[in-house]
Every structure is written in structure tokens, then in C-alpha cells.
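The values are calculated or read from the model by the stated rules, or taken from the named source; none is laboratory data. Just so we're clear, the structure is a prediction, and the values are computed from it rather than from any experiment. Ideal geometry is used to build each Cβ from the backbone, glycine not excepted, and the neighbour counts take in all protein chains shown.
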Amino acid sequence: MRKIIFISALLTMLSCNKQTGIDPNINPFFQEWNTAYQVPPFMDIKDEHYMPAYERGMLENLNEIDAIVNNPESPTFANTIEELERTGKLLAKVSRVFSNLASSNTSPKLQELQRDLSPMLSAHYDKISLNQGLFNRVDAVWQNRKRLDLTKEQSKLLNDTRKGFVRSGALLSDDQKERISEINSKISSLSTSFGQNLLAETNGFELILDASDLEGLSDAVIAAAADAARQKMENSELEEDKSKYKDKYVFTPHRSSMYPFLTESTRRDLREKLYNSYVMRGDNNNGTDNKKTAAQIAKLRAERAQIMGYKTHAHFILDDNMLKTPKEVYDLLNKLWDPAVKRAKVEVADMQSVADAEGHDFKIAAWDWWHYSEKVRKEKYDLDEAAIKPFLSLDNVLEGVFNTTNKLWGLSFTEIFDIDLYHPDARIWQVTDKDGSHLGVFIGDYFTRSNKRGGAWMSSFKGQSNLDGRERPIVVNVCNFPAPVGDGPALLSFDNVVTLFHEFGHAMHGTLTNVKYGSMAGTSGPRDFIELPSQLLEHWASEPEVLKSFATHYQTGEPISDELIDKLLNASKFNQGFINTEYLAASFLDMDWHTISADEELKDANKFESKSMKKIGLIAEIAPRYRTTYFAHIFSGGYSSGYYSYVHAAVLDSDAFEAFKEVGDVFDPTLSSKLRSSIYSMGSTEEAMDLFVKFRGRKPVIEPLLKVRGLDGTE
Ligand SMILES: [Zn+2]
């Protein structure tokens with residue numbers, strides 16, 4: 001099978017030069033791409049082309065910036081802000097191809113390049129964002145903004161551009177700038193240690209079991225644990241270590257190992273042990289403890305925010321978001337908190353009855369949750385995945401999502417077979433608008449493979465802009481669905497279907513975009529808004545009317561039954577009390593850590609966390625989704641004061657979909673076109689809240705979300 005793919009790739013490779021008009025003696029990034037729709041000439045791009053293209057791209061970019069700064073004419077919107085939009089074309093051309101392939105189709109060579117490029121690029125962008133001459137020109141235009149007669153989009157671009165410089169420290173004194181860069185580098189090394197400690201702590205615990213400890217575990221889970229032990233044995237150098245693992249079974253605090261054990265094992269003592277190893281990561285008072293590291297990061301962030309002129313780090317971060325202040329975030333979290341905990345308490349009671357009926361005399365504890373909730377799930381929400389999959393072949397689901405956007409916005413998708421992509425699994429479609437005009441190109445790369453990173457995402461190979469003529473985008477969705485087995489089609493789980501609709505929602509945001517300035521196109525908006533267009537499309541996947549239209553059995557052609565649909569939709573309400581409570585608790589913790597003030601003394605992380613959780617009344621049966629010492633999203637990732645974003649976007653999408661429910665037609669033409677004109681086509685050309693209000697006629701409310709998640713007390 002693999003051989004055939006390889007040969008066919010070779011064949012297409014031979015025929016490709018004719019198609020792209022690329023001169024093989026010149027780096028493809030230095031040539032015009034006269035390919036269909038300007039799809040990158042993947043077959044002509046070799047690993048050795050990237051670095052020279054990056055180097056020239058960065059140099060050209062800096063020269064373009066110099067030209068703007070040294071322009072003898074006084075600064076205007078056109079010669080400064082608009083010119084900035086035109087800079088960096090070569091760099092973008094190579095970056096888009098490289099960063100996409102480094103994620104979806106990587107190799108040791110690309111990974112090496114990535115490591116080399118990362119510091120080069122960050123130094124490059126620092127040179128631009130810290131360029132005082134450039135900021136002075138931008139600021140001069142901004143100071144003069146009232147007299148400029150700018151369009152709404154231009155005003156937003158001007159504000160955003162200046163804000164970007166200011167948020168990098170452009171208005172600070174030299175001393176302050178120096179302190180900021182000290183803080184930045186301290187935070188960056190503390191964040192790195194935080195991540196490395198966490199990795200060490202997660203890898204540092206193992207539950208080594210004998211065959212007699214495996215009560216309740218399924219064959220698959222046992223086989224995986226035996227395999228883990230075998231691997232540990234092979235990797236051990238010392239004989240005594242090897243014997244430690246011989247004929248044993250190993251479980252670890254990695255979720256993929258822990259959750260199956262917590263779900264299936266009937267050994268309560270062992271569940272407790274493994275669970276505790278997970279929640280105590282980074283909190284063991286050893287060399288890889290994260291308590292102090294986390295507290296130091298939080299304190300440094302507070303100091304940086306204060307220098308920047310903000311009350312706290314959260315104020316600084318949120319200033320760029322749709323929710324603007326900590327108060328707005330806390331208000332949202334508080335509104336959801338009570339219904340979530342109320343529901344979680346019902347779930348505890350349900351589990352307690354199961355345990356009682358089994359004759360146990362213990363109270364449900366945190367480490368019992370997976371085991372007993374699984375029993376409740378089987379009783380109340382059981383769903384046979386195997387019975388559903390035959391209705392969800394990839395091609396059916398694609399047809400379903402294409403039809404959905406056809407009914408909403410009149411879009412059509414035509415698959416193109418004579419364009420060579422970077423991998424044979426990737427497919428490409430032309431997207432045309434209602435009137436038949438070209439709207440964009442969509443690439444779908446759906447199957448998992450070893451050189452693709454995990455998860456699912458949307459990205460683009462070409463952006464959209466109307467600044468110098470009409471440029472339409474090339475958008476890509478990458479997923480990790482199981483590849484087809486044998487001659488059958490690829491069959492998806494319903495979770496996969498929801499993921500496909502989600503990423504397709506991002507793809508539509510990237511395709512329907514119609515703005516003048518490319519930096520504001522598509523998915524460029526704030527973090528707590530950009531999941532709206534994706535999560536919103538998920539709602540159509542769960543609509544019985546839509547499901548029935550595409551979910552037909554791949555062998556018999558019969559449509560999915562109402563009974564199966566009911567089971568499917570009912571299953572989505574399972575365990576929502578737990579899921580929401582643990583998530584919201586972590587969101588509160590994130591906000592609490594980032595609303596401390598700079599001059600407070602360094603916090604004791606455990607005391608801080610207990611106080612924070614006590615304040616909201618977290619129940620003992622649930623830990624926050626992330627405790628402080630392993631909250632990598634906020635202490636070694638980019639989510640500080642932003643972990644709430646997921647639920648904020650969920651409020652928006654549930655409320656937006658409710659508009660369709662209110663009129664009784666999920667394809668209501670008036671609403672569909674309003675959705676396109678006020679959200680999907682707008683990029684970040686207006687404040688996100690204004691865009692939402694434009695569509696909904698008012699600010700978002702949380703009731704539809706409570707209903708969707710079964711938290712409205714109707715169960
Ligand atoms: Zn998303």
C-alpha cells in the first residue's frame with residue numbers, strides 16, 4: 001500500500017514542472033507562482049529552499065521598514081500604515097508554507113530548521129516592534145487621526161497598529177524598557193523551567209502492578225500497560241531496573257494512561273494512588289516543584305503590567321480582548337458557576353446510589369469519579385459508537401458540511417484533481433460564491449500520520465486582502481482522523497464529525513473574509529472571539545435535520561434512525577456538571593493569579609490556591625481542571641488571563657445559534673446573510689462585541705449555553 005503511494009507521488013512529481021511554470025534552477029520562493037489559484041508549487045519546494053528564502057525575506061522586510069522610516073515626506077496613513085501592510089510579502093510567502101508543513105508533514109530536517117528559525121524570527125520581529133523611528137511615524141498619524149477622514153476599517157487598523165507598538169513598550173522610558181526586557185527574559189526562563197519540571201513530574205511517577213492488581217481492567221488496557229512495562233524494561237540500562245518491570249504492568253499520570261485505569265479499575269486503593277500522583281504533580285517539595293516558579297511568574301507579570309500602566313496583568317491582557325476587564329470575566333464565570341456545581345452535585349448523588357447499591361460503604365471521592373460516572377453513563381446515556389460510525393463516512397460528512405454552507409450562504413465546492421499537494425492524503429476544492437464567482441480554495445488533510453502533530457487546526461497558505469487588487473485566500477483544515485482500513489471508506493466517530501465542523505467553521509471565517517487590509521482578515525480577532533465562527537458551525541452537525549441529510553449508511557444507503565440521533569444527542573449531556581465545574585474552577589484560578597498586585601509579597605501557591613477554591617465553593621469530589629503547579633496553559637503557554645476564552649466563545653455560539661432556533665429555521669435566509677455580513681466576512685475590522693451585537697441585536701446572554709449543556713435544571 002505504502003509503496004503504491006510512493007510511486008504515485010513520484011509520478012506526479014515528474015509531471016509537475018509543466019503545471020507550475022517553475023524554473024528548477026531558481027528557488028521557488030523567489031519566483032512568481034503562476035499555478036492555479038496560486039497554490040504553492042509543493043513538488044518544487046525542497047528543504048534547502050526555506051532558509052535562503054527566510055533570510056532574504058527578513059532582509060527585504062527590514063529594508064521595507066527602513067524605507068518607511070526614512071521617507072522624507074511627513075507621515076500619512078498611506079505612506080505609513082498602508083505601506084506597513086505591504087511589507088514582508090516574501091517572508092509571509094515562505095512562512096506560510098513552512099509553518100504549515102512543519103505542523104502537518106514534518107521531517108527531522110524541518111524540525112531542525114524550526115529550532116534554528118525560532119530565535120531568528122523572534123529577533124527579527126523585535127527589530128520591528130521596538131523600532132522607535134517607525135513608532136514615531138505611526139504615532140504621528142494616530143495623533144492626527146481626527147483630521148484624516150478615515151473609514152471605519154482604516155481607523156481600526158490605525159488603532160490596532162499603534163496599540164501593538166504601545167503594548168510592546170514603545171511609550172516607556174529607557175529604564176522602564178530595560179526593566180520590561182529583564183522581566184520578559186526572567187518570565188521566559190521561569191516558564192521554560194515550569195514546563196520542564198512538569199514533564200519531569202509527569203514522567204516521574206509510575207504505578208507498577210502485578211497481574212493480581214488488574215481487577216476490572218479490559219484486555220486492551222491491560223495490553224497497553226504490559227506494553228508500557230516492556231518498553232520501560234527495554235529502556236532501562238541497569239539490570240535491577242530491568243527486573244523491576246519484568247512481567248509487570250505500568251500506569252502513569254499521563255491522561256491517556258490514567259483515565260482508562262480510573263474508569264475501569266475496581267481497586268479503589270490503586271485509583272486513589274494514581275489519581276493523587278496526577279494532582280500532586282509539581283507539588284512534591286522536591287527539585288521539580290513548581291509552587292515557587294508559578295508564584296514568581298505571576299508576580300513578575302503583575303510588575304510588568306504596572307509598568308505598562310495597568311492595574312494588574314489581567315487588565316493588561318484583557319484590554320486586547322472582547323471582554324475588557326477582570327470584572328466582566330468574573331461576572332461571566334460566576335453566572336455559570338452555580339448551575340455547574342448544582343449539576344455536579346446531582347452527578348455525585350447519582351454515583352453514590354450506584355456505589356450504595358453495590359454494597360459499598362464509602363463516600364464518592366475524587367478518584368472514584370471516572371469509575372462510577374462510567375456506570376451512570378452506561379445506564380443513562382449509553383451510545384454504541386460502532387453502530388453510528390457506518391453512517392459517518394468522511395465523504396458523507398464532507399458533503400454534509402458543504403451542503404450546510406451551501407444552504408447558509410450559497411457556497412459550492414468543486415474538488416480539483418490536477419493540483420499536486422504536499423501529501424497524497426490532502427485534497428483540494430475550489431470554493432465559489434452564490435453568483436459563481438471565485439471565493440477561495442479549501443484544502444482538507446484529514447487522516448492521522450506519524451509526521452503530523454496531534455489535534456486539529458485551521459491555517460492558510462494564502463491570505464485575503466483587497467488593498468492592491470482582489471486577493472482570495474487558500475485555507476487548510478488539518479485533522480487526525482483514523483485512516484480508512486482496507487477497501488472501506490474512512491468512518492468517523494461523532495466526536496470527529498463535530499471536530500470537522502468546528503475546523504470548517506474556522507475555514508469559513510478564513511474564506512468568507514472580505515476586508516481591505518490583510519492583517520485584519522479572517523481569523524485575526526481576539527482570542528475570546530475567534531472560536532465563535534468555529535464553535536457556531538458545530539451546532540449544525542447536531543441538528544437532526546442536517547444529520548439526516550448526510551448520515552446515510554455507507555453500505556445500505558439507509559439514513560440514520562431517529563432513535564440513534566436521540567441517543568447521540570442525549571449522550572452529549574453526560575457528565576456536564578463535572579466537565580464545567582473543573583473547567584470553571586481552573587478559569588477562576590487563572591484569573592485570581594493574574595489579578596494580584598505587583599507589590600504584594602510572593603504568594604505561597606498552595607495557600608493561594610486553597611483560598612481561591614474555597615472562595616468559589618469548589619466541592620471536594622472535583623479538583624480544578626489544572627491545579628497551579630501543572631497549569632501549563634497559563635504558566636508556560638499563552639493563555640494567562642485567557643483560560644476563560646473557551647467558555648466565553650461557547651456563550652457566544654450558543655446564543656448566536658439560538659437566533660436560528662427562535663425563528664424556527666436553522667437556515668433562515670435573513671439570519672444567514674446577516675451572519676455572513678456581520679461576522680464571517682468582517683475579520684477584525686470592528687470591535688468583536690460590536691460585530692456580535694450587529695448580528696444578534698443585543699449583547700450575548702448565557703441561557704442558551706446552559707440549555708445546550710444541560711445545566712438549566714431541566715434534567
Ligand atoms: Zn478552534
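Okay, residues lined up against (1) over 33 Å from the mean Cα position of the chain (by Cα); (2) buried (at least 19 other Cβ atoms within 10 Å of the Cβ); (3) of a type outside the set (A, V, I, L, M, F, W, C):
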residue: ASN79; (1), (2), (3): yes, no, yes
residue: SER118; (1), (2), (3): no, no, yes
residue: ASP126; (1), (2), (3): no, no, yes
residue: VAL138; (1), (2), (3): no, yes, no
residue: VAL141; (1), (2), (3): yes, yes, no
residue: ARG147; (1), (2), (3): yes, no, yes
residue: LEU171; (1), (2), (3): no, no, no
residue: ASP175; (1), (2), (3): yes, no, yes
residue: ARG179; (1), (2), (3): no, no, yes
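Check off (1) free of Cβ contacts under 8 Å to residues at least 24 places away in the same chain; (2) surrounded by fewer than 20 Cβ atoms within 10 Å (Cβ to Cβ) for PRO28 and give me the number that stays unchecked.
Result: PRO28 fails condition (2) only.
Go through the range 141-184 and give me each residue that's in a helix (DSSP H, G or I), touching a residue at least 60 places away in the same chain (Cβ under 8 Å) and within 21 Å of ALA688 (Cα to Cα).
Selection gives LYS152, GLU153, GLN154, LYS156, LEU157, LEU158, ASP160, THR161, LYS163, ARG167.
Output the number of residues of the range 259-270 satisfying the condition of being under 14 Å from PHE205 (Cβ atoms) and at pLDDT below 95.
Adding up the residues that qualify gives 0.
Can you name the residue in the range 208-237 that is over 27 Å from GLY282 (Cα atoms) and either in contact (Cβ under 8 Å) with a residue 60 or more places away in the chain or in contact with a Ser or Thr (Cβ under 7 Å, 6 or more places away or on another chain) (or both) and, of all such residues, is surrounded by the most Cβ atoms within 10 Å (Cβ to Cβ)?
Ranking the candidates gives LEU217 first.
Return the pair list, or none, for Cβ contacts closer than 8 Å from residues in the range 486-505 that are closer than 20 Å to ALA387 by Cβ to residues that are within 16 Å of the ligand (Cβ to nearest atom) and charged (D, E, K, R), at least 6 apart or on different chains.
Close Cβ pairs satisfying both conditions: VAL498/GLU538.
Please list, ordered by residue number, the helices (runs of 4 or more DSSP H) wholly in the range 283-389 having 2 or more residues that are in contact (Cβ under 8 Å) with a residue 24 or more places away in the chain and within 30 Å of GLU687 (Cα to Cα).
Hits in the range 283-389: 291-307, 313-318, 326-357.
Is the range 589-605 home to any residue that is of a type in the set (Lys, Arg) and more than 30 Å from the chain's Cα centre (by Cα)?
The answer is yes; a qualifying residue exists.
Going residue by residue through the range 677-686, is there one that turns out to be crowded, with 17+ Cβ neighbours inside 10 Å and within 30 Å of LEU568 (Cα to Cα)?
yes
I need the helices (runs of 4 or more DSSP H) fully contained in the range 606-686, keeping only those with at least 3 residues that are over 21 Å from THR312 (Cα atoms). Write out each step before concluding.
Values: elements: 632-635, 645-663, 669-675.
Fully inside the range 606-686 and qualifying: 645-663, 669-675.
Can you tell me which residue is surrounded by the most Cβ atoms within 10 Å (Cβ to Cβ) among those in the range 418-477 that are part of a loop (DSSP other than H, G, I, E, B) and within 16 Å of the ligand (Cβ to nearest atom)?
ALA456
Given (1) assigned to a strand (DSSP E or B); (2) surrounded by 24 or more Cβ atoms within 10 Å (Cβ to Cβ); (3) more than 14 Å from the ligand (Cβ to nearest atom), where does THR513 come up short, assuming only one miss?
Going through the list (1) assigned to a strand (DSSP E or B); (2) surrounded by 24 or more Cβ atoms within 10 Å (Cβ to Cβ); (3) more than 14 Å from the ligand (Cβ to nearest atom), THR513 breaks only (1).
Hey, can you tell me all the residues within the range 305-321 that are farther than 20 Å from ALA170 by Cβ and either charged (D, E, K, R) or surrounded by fewer than 18 Cβ atoms within 10 Å (Cβ to Cβ) (or both)?
Result: LYS311, single match.
Taking the stated definitions as given, is ARG427 of a type outside the set (A, V, I, L, M), in contact with a Gly (Cβ under 6 Å, 6 or more places away or on another chain) and closer than 30 Å to THR448 by Cα?
Values: of a type outside the set (A, V, I, L, M): yes; in contact with a Gly (Cβ under 6 Å, 6 or more places away or on another chain): yes; closer than 30 Å to THR448 by Cα: yes.
Yes.
Filtering the range 345-369 down to residues that are among the small types (Gly, Ala, Ser) and within 33 Å of the chain's Cα centre (by Cα), which residue is surrounded by the most Cβ atoms within 10 Å (Cβ to Cβ)? Show your work before the answer.
At the first step, the residues of the range 345-369 found to be among the small types (Gly, Ala, Ser) are 349, 353, 355, 357, 359, 365-366.
Among the residues that remain, those that are also within 33 Å of the chain's Cα centre (by Cα) are: 365-366.
On the way: ALA365: 13, ALA366: 17.
Restricting to residues being among the small types (Gly, Ala, Ser) and within 33 Å of the chain's Cα centre (by Cα), the top hit is ALA366.
So how many residues does the range 283-304 have that are among the aliphatic types (A, V, I, L, M), touching a Lys or Arg at 6+ places or on another chain (Cβ under 9 Å) and surrounded by 23 or more Cβ atoms within 10 Å (Cβ to Cβ)?
Selection size over the range 283-304: 3.
Quick grid of which residues meet (1) more than 14 Å from the ligand (Cβ to nearest atom); (2) assigned to a loop (DSSP other than H, G, I, E, B); (3) under 23 Å from VAL397 (Cβ atoms):
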position	(1), (2), (3)
THR523	no, yes, yes
PRO533	no, no, yes
LEU537	no, no, yes
SER549	yes, no, yes
THR556	yes, yes, yes
LEU569	yes, no, yes
GLY577	yes, no, no
THR581	yes, no, no
LEU584	yes, no, no
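The conditions are (1) in a helix (DSSP H, G or I); (2) touching a residue at least 60 places away in the same chain (Cβ under 8 Å), and PHE205 fails exactly one of them. Which is it?
(1)
Name the residue that is nearest to GLU153 (Cα to Cα), counting only residues in the range 478-510 that are among the aliphatic types (A, V, I, L, M) and within 16 Å of the ligand (Cβ to nearest atom). Break it down into steps so the answer makes sense when it comes.
So in the range 478-510, the residues among the aliphatic types (A, V, I, L, M) come out as 478, 483, 485, 490-492, 497-498, 500, 507-508.
From what is left, the residues that are within 16 Å of the ligand (Cβ to nearest atom) are 478, 497-498, 500, 507-508.
Working: VAL478: 31, VAL497: 36, VAL498: 33, LEU500: 32, ALA507: 22, MET508: 21 Å.
By that ranking, first place goes to MET508.
Would you call ALA507 buried (at least 19 other Cβ atoms within 10 Å of the Cβ) and farther than 26 Å from PHE550 by Cβ?
Against the criterion (buried (at least 19 other Cβ atoms within 10 Å of the Cβ) and farther than 26 Å from PHE550 by Cβ), ALA507 does not qualify.
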